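Each remark here refers to the structure printed beneath this line.
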Amino acid sequence: MTPRADPLTVEVVDLIGTVVARYYEEYEQAAAEHSLTGAQARVLSLLSLEPLPMRKVAQRLKCEPSNITGIVDRLETRGLVERRPDPADRRVKLAAPTEEGARTAAALRTSLDFAREPLGRLTAAERTLLKELLQRMLGVAPE
């Protein structure tokens, strides 16, 4: 049986939940300003980092591949995403942002004040420590 969490752990978990909720709220608002749903904005932002097969997009966003297909279809209709053959395996299609999609993803990223504003109150050393602690919590090797 797992022991009950101590009060400090409960408080930290609650604070993380508050930060995540505020981030998603602002993300949804930023997406709406570009006439996108939050899910469309997340897919577009992910694809702006690198073109990916839709199955990998689904894995990274922890959702069903059929949902990603529908989202990519709508983004493609708007001219924000295109499908192209994977140079390594032409049987695989990659979803990639168009130039307009890349501009939209960049605009989304720069409009997220909540993510920047509170972090701006921390020193560079504090932000580095926070990044390292979050990476450790997630089991990600530090850069």
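The values are calculated or read from the model by the stated rules, or taken from the named source; none is laboratory data. Owing to the predicted nature of the structure, the values given are computational and were not obtained by experimental measurement. Cβ sites come from the backbone with ideal geometry, for glycine too, and all protein chains shown count toward neighbours. For accessibility, only protein heavy atoms count, side chains too; no ligands or nucleic acids. Shrake-Rupley method; radii C 1.70, N 1.55, O 1.52, S 1.80 Å.
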Open item on the list: Filter segment 44-69 down to the residues that are charged (D, E, K, R) and either surrounded by 15 or more Cβ atoms within 10 Å (Cβ to Cβ) or part of a loop (DSSP other than H, G, I, E, B) (or both) and list them by number.
Closed with: Glu50, Lys56, Lys62, Glu64
Open item on the list: Given the condition out of contact with any Pro (no Cβ under 9 Å at 6 or more places or on another chain), farther than 24 Å from Glu28 by Cβ and open to solvent by 40 Å² or more (accessible area, probe 1.4 Å), answer yes or no: does some residue in segment 90-113 qualify?
Closed with: yes
Open item on the list: Can you pull out every residue in segment 15-33 that is touching a helix residue (DSSP H, G or I) at 6+ places or on another chain (Cβ under 7 Å), open to solvent by less than 70 Å² (accessible area, probe 1.4 Å) and either over 16 Å from Val72 (Cβ atoms) or hydroxyl-bearing (Ser, Thr, Tyr) (or both)?
Closed with: Glu26, Tyr27, Ala30
Open item on the list: Just the residues that are farther than 11 Å from Ala105 by Cα, under 11 Å from the mean Cα position of the chain (by Cα) and among the hydroxyl-bearing types (Ser, Thr, Tyr), please, taken from segment 22-69.
Closed with: Tyr23, Tyr24, Tyr27
Open item on the list: Out of the residues in segment 70-84 meeting the condition of being more than 17 Å from the chain's Cα centre (by Cα) and in a helix (DSSP H, G or I), tell me which one is farthest from Ala105 (Cα to Cα).
Closed with: Gly70
Open item on the list: Being closer than 23 Å to Glu33 by Cα, polar (S, T, N, Q) and not in a helix (DSSP H, G or I) is the filter here; which residues of segment 93-130 pass it?
Closed with: Thr98, Ser111
